[in-house]
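The values are calculated or read from the model by the stated rules, or taken from the named source; none is laboratory data. Keep in mind that what you see is a predicted model, and the values were worked out from it rather than measured. Virtual Cβ from ideal backbone geometry, glycine too; neighbours counted across all protein chains shown.
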Amino acid sequence: MIAGVSTEFIPPGPQSFDLPPIFSGVEWFTKPVLVAALSVVVILWFFWGASRKAAIVPSKLQFAGELGYNFVRNSIARDMIGSPEHMKYVPYLCGLFFFILLNNVAATIPLIQFPTFSHIGWPYVAAVMSWVIYNAVGIRKHGVWGYFKHQTMPAGVPGWLMPLMIPIEFISNILVRPVSLSLRLFANMFAGHILLLVFVLGGEYMLLHSGSLALGGVGIITLLMALAIAGLELFVQVIQAYIFVVLTAQYIGSAIAEEH
Amino acid sequence: MTTLLLPLSEAAGEETSPLLPHTAEIIFGFVFLVLLAFAFAKYVVPRFEKAYADRTQAIEGGMNEAKQAQAEAKAALEKYNAQLAEARQEAAKIREDAREQGAQIIAEMRETAKVEADRIVTHARTQIDAERAQAVASLRSEVGHMATTLAGRIVGESLEDEARQRRTVERFLADLEASESARQAVGTDG
């Protein structure tokens, strides 16, 4: 968009993520908000339809819905939290997983092609919600002091190590987790998008605006590389959604665990 | 609407940090996640879990039914076997009874036959005795008469005296009886 007019190549950077509002004047209604809202509609529509007539012998749609639901319910929630307690967290984990998944994959879908979670506000909200939930259920289970002990004093550590262990565990389990959770997702989406922009805009510039035959050839190779990177990005988008939810489930599981 | 920490538009031309969030996105993120979690908790999860429970129940119900049918078949077999054993026992008892009854009947018949035979024998003997006595009596009177007639003819004279006549016959018969009984005694001894 910028490179098309100018003869000088302007490399993509953080400013590439500052999208103008869709309707001028309505500043809050940006592309990420639109995509996120669409993803919510798609998720609700799909799971509503899949579970509407939940029968013993499932329809194709119900089967597909159960496949997704079972993945979060069994492979994430049950494996990380443990059998009877995990059902309480399945709704949140399902919503979280499919919300992140669809918004991430949206970055690969033509015409959308923007990762919602490259805007830090979304990962922050998701991470803070996960943080509040796992701390709240931990405190409810063990009490404030008991939970603090549970999270900062690992069993089997000798007493003289405690002055060292308690601050380390407190920082890593209470303070750093929401930051790492949100930054991991954000950075992957942000960097992936920049990488694609560099390859696509750079390739286009070299092919169309450099005026050099050699650079044009490099531009073609660069654009082909961009395709491969898009494939890699699709993989990263799915993996990051999975990691975010698995870690949330694991934090909940460790918060309500009886012992380490 | 303004953002929390910085203006959204790049009109200012400043380098905006990607680590600073927009207020609108935080609000929407929260609303969307809560909405999704609520929808899953309220509708999707209960429906799927109900389907799973129904499925489990259907499978377990089928298994229970099969188990019940098996138990019923086993009970029927046991009942049949018990009836068979009872019938066998009863047949054996009937056979035993029949044998006993048969033996009893034979014994009774034998007894009856013996009594009848005795009775017939006794009756016959009595009749024979009576007939013999009659024969002896008639023979005695006839022989006396014939002998007297014969003797009258041989002698040529009438044995007028009735008394004499009777005495003679009596004497003769007594002699005859005496000689007969003597011969009988010899026969018995011999």
Qualifying position, being within 14 Å of chain B (Cβ to nearest Cβ) and part of a helix (DSSP H, G or I), among A:Met162, A:Met129: A:Met129
In region A:74-90, residue surrounded by the fewest Cβ atoms within 10 Å (Cβ to Cβ) [restricted to those that are within 12 Å of another protein chain (Cβ to nearest Cβ) and either of a type in the set (Val, Ile, Thr) or in contact with a Leu (Cβ under 8 Å, 6 or more places away or on another chain) (or both)]: A:Val90
Contacts under 9 angstrom Cβ, first residue in region A:186-209 being within 20 Å of B:Leu20 (Cβ to Cβ) and in contact (Cβ under 8 Å) with a residue 40 or more places away in the chain, partner of a type in the set (Phe, Trp, Tyr) and not in a helix (DSSP H, G or I), 6 or more apart: A:His193/A:Phe114
Test: residue in region A:49-67 that is more than 8 Å from chain B (Cβ to nearest Cβ), assigned to a helix (DSSP H, G or I) and in contact (Cβ under 8 Å) with a residue 60 or more places away in the chain: no
Residue in region A:29-44 that is facing another protein chain (nearest Cβ under 10 Å), part of a loop (DSSP other than H, G, I, E, B) and under 23 Å from the mean Cα position of the chain (by Cα) present: yes
Test: residue in region A:196-214 that is crowded, with 17+ Cβ neighbours inside 10 Å, among the β-branched types (Val, Ile, Thr) and more than 14 Å from chain B (Cβ to nearest Cβ): yes
Only listed residue being within 21 Å of B:Phe38 (Cβ to Cβ), in contact (Cβ under 8 Å) with a residue 60 or more places away in the chain and of a type outside the set (A, V, I, L, M), chosen from A:Asn70, A:Asn103: A:Asn103
Considering residues of region B:13-53 that are more than 7 Å from every other protein chain (Cβ to nearest Cβ) and under 60 Å from the mean Cα position of the chain (by Cα) only, the residue farthest from A:Lys31 (Cα to Cα): B:Ala53
Pairs, first closer than 13 Å to A:Val198 by Cα in region A:1-29, second charged (D, E, K, R) and at pLDDT 85 or above, C-beta under 7 Å, six or more apart: A:Ala3/A:Glu204
Residue satisfying condition, being part of a helix (DSSP H, G or I) and at pLDDT 95 or above, within set B:Ala69, B:Ala82, B:Ala53, B:Ala58: B:Ala82
Index of the failed condition, A:Ala106 passing every other in (1) exposed (fewer than 15 other Cβ atoms within 10 Å of the Cβ); (2) more than 12 Å from chain B (Cβ to nearest Cβ): (1)
Hits in region A:149-159 - residues which are in contact (Cβ under 8 Å) with a residue 12 or more places away in the chain and either surrounded by 13 or more Cβ atoms within 10 Å (Cβ to Cβ) or within 14 Å of chain B (Cβ to nearest Cβ) (or both): A:His150, A:Gln151, A:Thr152, A:Met153, A:Pro154
Residue in region A:168-175 that is hydroxyl-bearing (Ser, Thr, Tyr), surrounded by 12 or more Cβ atoms within 10 Å (Cβ to Cβ) and either touching a Pro at 6+ places or on another chain (Cβ under 9 Å) or within 14 Å of another protein chain (Cβ to nearest Cβ) (or both) present: no
